1. Express the Stokes-Einstein translational diffusion coefficient of the range 133-283 in µm² s⁻¹, to the nearest whole number, given a Kirkwood radius over alpha-carbon pairs, 20 °C and a viscosity of 1.002 mPa s.
2. Contact order normalised by length for the chain, with contacts defined as Cα pairs under 8 Å and 6 or more residues apart; what percent is it?
3. Could you work out how far apart the two model spin labels at SER156 and LYS191 are, taking each label as a point 7 Å from the Cα in the direction of the beta carbon, and quote it in nm?
4. Report the full-extension gain for the segment ASP272 to LYS245: residue separation times 0.36 nm, less the Cα-Cα distance, to one decimal in nm.
5. How far is helix 138-151 tilted off the main Cα axis of the chain, in degrees rounded to 10, range 0 to 90?
6. Report the FRET efficiency, 1/(1 + (r/R0)^6), for GLU258 and SER63, where r is their Cβ-Cβ distance and R0 is 25 Å, rounded to 0.05.
7. Over 10 Å intervals from 0, what percent of Cα-Cα pairs in the range 143-204 sits in each interval?
8. Over the range 40-95, calculate the relative contact order: mean separation of alpha carbon pairs under 8 Å at least 6 apart, over the residue count, as a percent.
Amino acid sequence: MMYCAPCGIARVDDVKLKKCTACYLVRYCSVKCQKEHRPKHKKECRKRVAELRDKILFKQPESSHYGDCPICLLPLPVDENKIMMHCCSKLVCKGCCHANQVREIQESLEHKCPFCRTAAPEPCDFSDLMKRVEANDPVAICEMGHMRHEEGVYKSAYEYLSKAAELGDVDAHSSLSILYHLGKGVKKDAKREVYHLEQAAIGGHPTARHNLGREEWSNGRLDRAVKHWIIATKLGQDESLEMLKKIYTKSKGCVSKEDFAAALRGHQAAVDATKSPQREVAETFFDSVVALE
């Protein structure tokens, strides 16, 4: 039978007990009992809240926050081999973008979005993106925040990114952590920086997860840093893999042989899942274009 923590009254038909909404460990029959018990419960409550937070934080995401390409349905790579379509706010892999361009050239077709088939806008025409922003599309709002950041308009960037984060955009949380770290558009705030890093990491952001590991490492919490880097490595994050290699070879005991081997296998599986002949052709093409510039 359940009881009220401070007064001991049992739950019966005419007495309803409510859980502590932070830790869910204890129950109260009234607000008065909850307030009276708070000084005794505070320490235990905070400990349990931290445990619950870590349980969520250190859960291995099934994939990165990028998800799959909406056309070929293969996982999107964590590097730059993808393009954001302003007309529909879809991230499309370069393999599908290149294949679409080749088809259009061969058939003398008008250049259109490979996903929604909207006519491609002129360079520097962001009217389609603004339509998505006005429709409260979090991906578009986040993209506008990134554009404002690149322009150096940090206050506006912060406003866009904050709104996108409120709407659940993982990338916006990662970008906000950078603004709080640098103090651009907002005052420097280490706690808010870590909060947004954690939100992004929980959402499957590999780079945010890596940066969170660096934050923990610099604060001397080595075991937590290694956990973050193992998770990021299994998502295909190269920098985290390099950190694990250094730690495994130079800091004996920080990373076990089994954990390091599992991280290597996870990284390889994540990278292999993003590969396809179409993407390899596109990568070769775009690399040749860059070489000519």
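1. Details: Rh = 16.6 Å.
Translational D for this selection: 129 µm²/s.
2. Values: 407 pairs, mean separation 38.3, N = 293.
About 13 percent, as a whole number.
3. 3.2 nm
4. Values: separation 27, 0.36 × 27 = 9.72 nm, distance 1.98 nm.
The span from ASP272 to LYS245 would gain 7.7 nm if fully extended.
5. 70 degrees
6. Working: r = 23 Å, r/R0 = 0.93.
E(calc), rounded to 0.05, equals 0.60.
7. 28, 58, 14
8. Details: 40 pairs, mean separation 12.3, N = 56.
Over the range 40-95, the number comes to 22 percent.
The values are calculated or read from the model by the stated rules, or taken from the named source; none is laboratory data. Keep in mind that this is a model prediction, so the values were computed, not measured. Please note: Cβ atoms are built from the backbone with ideal geometry, for glycine as well, and neighbour counts cover all protein chains shown. What goes into the accessible areas is simple: the full protein's heavy atoms, side chains included, and nothing from ligands, DNA or RNA. Shrake-Rupley method; radii C 1.70, N 1.55, O 1.52, S 1.80 Å.
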